[in-house]
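Each remark here refers to the structure printed beneath this line.
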Amino acid sequence: MKSKVILVLLLILAFVETSSAQVLLRQTGNISDQYLVYFTNSIDITARIRNEKSKAFKFFREKQQENINRLKFELADTDLKIKRSLWIKQSAAITISAQYIDRLNSLPFVSHVNTDKKYKIEALGTTTLVLPSDELVQNNLFDIGVETVWNTGFRGQGVVVAIIDSGVDIEHATLKSRWRGGTNSWFDPVNGSDEPSDFSGHGTAVASIVLGGNENKTGAFLGVAPNAQWIAAKIFSSSANGTAASSSISAIQEALQWVLDPDGDSTTDDYPDIVQNSWGMANTEGSCTNVDFNDSLDAINALGIDIVFAVGNSGPAASSRLAPSYHADVISVGAVDTFNTSVETILSSSSRGPNLCEDKLLPSLMAPGVDIVAAEKSLGSVSAIRNTGENTGTSFSSPHVSGALALLRSQFNSSVDYLKFRKALFDSAKDLGVAGGDTDFGNGLLKVDGAMTLLLNDNADRVASNVIFSSANYVFKEQQSTVEISLLRTGDISADQTIRVFSENGSAISGVDFVSVSTDVEFLAGESSKIINIELLNDDVSENTESFNLIISSNNFKKKINIVDSDSNSIDEEDVIGGSSTGIFQLLFLFILWFGRRFLR
């Protein structure tokens, strides 16, 4: 038995100390007998989407199905198989023997046929493990002005960010409660998994910089917009040991298509507000020929979705930016060091402009990209123990911009033209390098507080006042007696406001497990946060974790409060995720439970 315990400990250390890295897609060849068929198409996709999305999507899907049915009919005597239906591009990924390609090309409704390119994932940038101290200040967040925005009550609430990457670790405590949830919030065209995962760790780090919470040892927030939600598409395959493997053109195209309509129902609007991309195509420096994703990016932009890309780590040469960061509708982000120097210094490997392909400044913005503390894949372990890392590269600067956009979108009314958000970011950026925009620093260093000020001065309508519980996850030990619950006021906070908070019994009963709550909370003009105290009762009875609800009367906002029994010898997973202190044997036990549930079922 002793040897098994040692083995589990070694597994934990092996997993948490594996570093993530920035991803670069380098073509290694073509996928055997797999092709991309492009159907004859004269449809102006973006114009139709802007006119009426639901009708446009319905039309595209019907037209696509007609073409696929014709394709199957014409090639019924071959070994044709449809692998992916890429309706937004009016194309399909297929497998078919090479002997039929000439016949395929001759069909009158087929425009052209390409091979489906295979890409190897290469590591660029550096990641080293850092063990958090008791005091961890997230300098990168302060450097872009988030505290001013947070103090107005806006932290990304109501905004959804799509992470297109290696996946996201759903078990990481700083990200778990921020997943939107449901079948329309995760897509895996590579492995076909049905729940979020990330054995590489790259996407997990990226997501945490956008919106990671403070459920960790230090209590410091990892993300720019910690009240936003994420969805994700996995476009890089990876194995359980964290080794990144491969991707393909068709897999990435299908993921970008999914962003447009995650639930497949064109009558619903469940698409994200922002799409975060920390990847690029190798050997595309200075080239304008890589247009594989242009149609998809055009369609995403037509819905008013912000598209953010890392500009690349191929600097310092001129025009070293990578595709598709140069696309006209993309916000491309370079990296500066704000941590190790008194003056912002560009990261040597950060790709430079000029664009050469589009009439836009490139990069668009700079953001902190050196020694950025972010989440590492946790595989369900405790966020307080060894699962943040220091990250360097444009993969980790670009998520700052996605988070900043989430802060602005959460603050201002949806009637505000989304292009005003990016313009405010560009116009408020701190000028670096030569005066004005340039091809090294773009518009300058991201300053989200300045962007907020510009929008307010432009009389942009703020979201109406609202009060929510600010923590994403409340778990307390029974013996803690008195605990604090924080309330966050969002929207227009220029006037006084009083709200009532009351409790609702669940498995935990008032008078037995906690003291009933019914209290008025007064916010003065300009106040964005308040603390209320809740009394827990220790009943000296061994029992499972119990919970009750706190409710805000003005909007019926409900928050579940979990009470972990301190009299029981059992270990509750929510106790660990909540950030309580645990011993190594509790960690080992939790890991065994999680490992069995995830891999041995």
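Throughout, read-outs are computed from the coordinates displayed, never taken from laboratory work. Just so it is clear, the structure is predicted and the values come from calculations on it, not from any experiment. Cβ: placed from backbone, ideal geometry, glycine included. Neighbour counts: every protein chain shown.
Once backbone amide H atoms are built at 1.01 Å from N, Phe514 has Ile509, Leu537 as its partners under 5 Å, excluding neighbours fewer than 5 places away on the same chain.
Structure shown: which of Lys234/Lys377; Lys176/Lys560; Lys360/Lys420; Lys81/Lys117; Lys477/Lys560; Lys89/Lys360 lie over 19 Å apart, alpha-carbon to alpha-carbon? From the list (Lys234/Lys377; Lys176/Lys560; Lys360/Lys420; Lys81/Lys117; Lys477/Lys560; Lys89/Lys360), the Cα-Cα distance tops 19 Å for Lys89/Lys360. When the Cα positions of Leu537, Gln479, Ile561 are compared along the charge dipole of the range 466-570, Ile561 comes out farthest toward the positive end, with charges on each C-beta of Lys, Arg, Asp and Glu. Taking each residue as 0.36 nm, the span from Glu504 to Leu537 lengthens on full extension beyond its C-alpha to C-alpha distance by 10.3 nm. Between Val373 and Asn391, the built amide H atoms are under 5 Å apart, and every one of these is 5 or more places off in sequence or on another chain. For the pair Val521 and Ser246, the difference between a 0.36 nm per residue extended length and the Cα-Cα distance amounts to 93.6 nm. For the range 482-560, just say rounded, prolate or oblate: build the C-alpha gyration tensor, square-root its eigenvalues into a ≥ b ≥ c, call rounded for a/c under 1.5, and beyond that prolate if a/b exceeds b/c, oblate if not. Since a/c reaches 1.5 and a/b is larger than b/c, the shape of the range 482-560 is classed as prolate. Using the Karplus relation 6.51 cos²θ - 1.76 cosθ + 1.60 with θ = phi - 60°, the per-residue 3J(HN,Hα) values for the range 96-104 come to 6, 5, 4, 5, 9, 5, 4, 5, 4 Hz, with x marking Gly and Pro. Projecting the Cα positions of Ser111, Ala98, Ala47 onto the charge dipole of the range 23-120 (unit charges on Cβ atoms of Lys, Arg, Asp and Glu, taken about the Cα centre) puts Ala47 furthest along the positive direction. In a reduced charge model with +1 at each Lys and Arg Cβ and -1 at each Asp and Glu Cβ, the range 466-570 shows a dipole moment near 460 debye about its Cα centre. Counting only DSSP beta bridges whose two residues both lie in the range 247-380, roughly 20 percent are antiparallel. For the range 466-570, the share of DSSP beta bridges that are antiparallel, to the nearest 5, is 85%. For the pair Glu195 and Asn544, the difference between a 0.36 nm per residue extended length and the Cα-Cα distance amounts to 122.9 nm.
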